[in-house]
Amino acid sequence: MYQFQDLSVEVFPGVFQPNKTSELLLEAALKHSLEGKSALELGCGSGVLGLSVKKYGRVARACGSDISEVAVANARHNAKRQGLDVDFRQGSLFEPWGKEMFDVILDDVSGVAEPIARLSPWYPPEIFCDAGLDGSEWTTKVLENAREHLNPGGVLFFATVSLSNEVRILEVARSQYPRVECLLKKSWPFKEDFWQRIKSNETARRLIDEGIIKVFQRGSRFLWDTSVYIACV
């Protein structure tokens with residue numbers, strides 16, 4: 001079970017567990033004026049973002065999609081439990097939505113360098129990340145295609161983590177949108193066993209040494225960052 005404010009969702013086996021990145025995305029989005037608008041959650045997992053913007057943001061229409069059939073079944077289950085009308089569909093990114101347009105898009109797809117994801121506690125073997133060696137693949141695809149699904153004045157909320165190629169992601173974002181602004185940023189300490197796995201992994205160390213992913217040291221602790229951005233059409 002996962003709790004956001006007073007909204008509880010069940011998380012099925014094989015479905016990504018909502019995390020602090022999901023919470024930061026919601027925190028940023030719910031500060032935005034959402035009431036009466038249409039919103040689409042990409043990478044819906046258990047459905048917590050779509051359900052939350054429906055319940056707390058009072059959007060007129062809430063939708064969500066995920067490539068995982070199990071995740072979509074999970075999200076639909078949670079919508080029924082909560083009595084919230086959210087349209088969850090199975091498919092990759094915008095595929096289930098054809099030419100439909102939205103006022104708000106929330107991107108919660110995988111965005112961690114694949115070698116780090118496989119070492120992390122976030123992606124057990126049955127849950128795919130597939131964000132590529134530098135972790136930028138899915139986020140850049142969203143950035144490159146979201147404009148075609150945003151109404152005039154629409155906004156895209158997306159997160160980056162320093163455990164991916166943030167430089168590349170932001171270059172793509174700024175090439176596609178006239179305004180890209182960082183709304184929130186937070187640092188997180190590595191758990192010691194996770195950090196030791198990274199240190200002992202040749203590919204992970206190379207990504208750090210080459211500056212593709214970034215890890216920070218404060219005192220004796222090593223940390224990574226999450227940043228939440230808004231991109232406006």
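The values are calculated or read from the model by the stated rules, or taken from the named source; none is laboratory data. Here the structure is a predicted model, which is why all the values come from computation and not from measurement. Every residue, glycine as well, gets a Cβ built from its backbone with ideal geometry; the counts of neighbours run over all protein chains shown. Please note that ligands, DNA and RNA were not included when accessible areas were found on the heavy atoms of the full protein model with its side chains. Shrake-Rupley method; radii C 1.70, N 1.55, O 1.52, S 1.80 Å.
Computed over neighbours whose Cβ is under 11 Å from that of GLY135, the net charge equals -4, Lys and Arg +1, Asp and Glu -1. Estimated from helical segments only, the mean residue ellipticity of the chain at 222 nm is -9000 deg cm²/dmol, where each DSSP H run of four or more residues counts as -39500 (n - 2.57). The Rg/Rh ratio of the chain, with both radii computed over alpha carbons and Rh defined as the Kirkwood radius, is 0.96. The residues of the range 75-233 have, on average, 49 Å² of accessible surface per residue, using a 1.4 Å probe with all protein chains present. Label the range 48-161 by shape, choosing from rounded, prolate and oblate, from the square roots a ≥ b ≥ c of the eigenvalues of the Cα gyration tensor; if a/c is under 1.5 it is rounded, and otherwise prolate applies when a/b is larger than b/c, oblate when it is not. Oblate, because a/c is 1.5 or more while a/b does not exceed b/c. Helix 166-176: angle to the longest alpha-carbon principal axis of the chain, degrees 0 to 90, nearest 10? Compared with the principal axis, the helix lies near 40 degrees. Here's the list of lysines a cross-link from LYS37 could span, going by alpha-carbon distance under 16 Å and ignoring same-chain residues fewer than 8 apart: LYS54, LYS55. The distance separating the Cα centre of the range 42-82 from that of the range 214-228 comes to 31 Å. Within the range 143-227, report the GluC sites (Glu not before Pro) that DSSP leaves as loop and that have at most 14 other Cβ atoms within 10 Å. Passing both the DSSP loop test and the Cβ count: GLU210.
Any chance you could tell me what percent of the C-alpha pair distances in the range 135-183 go past 12 Å? Summing the P(r) tail past 12 Å for the range 135-183 gives 61 percent. Surface composition of the range 80-227: carbon and sulfur atoms hold 48% of the protein heavy-atom accessible area at a 1.4 Å probe. For the range 1-29 versus the range 87-133, the inter-centroid distance based on Cα atoms is 14 Å. Shape class of the range 17-71 from the Cα gyration tensor (axes a ≥ b ≥ c, square roots of the eigenvalues): oblate, since a/c reaches 1.5 or more and a/b does not exceed b/c. By DSSP, the beta bridges lying fully in the chain are antiparallel in about 55 percent of cases. The stretch between GLU148 and SER187 holds 10.8 nm of extra length on full extension. This uses 0.36 nm per residue minus the Cα-Cα distance.
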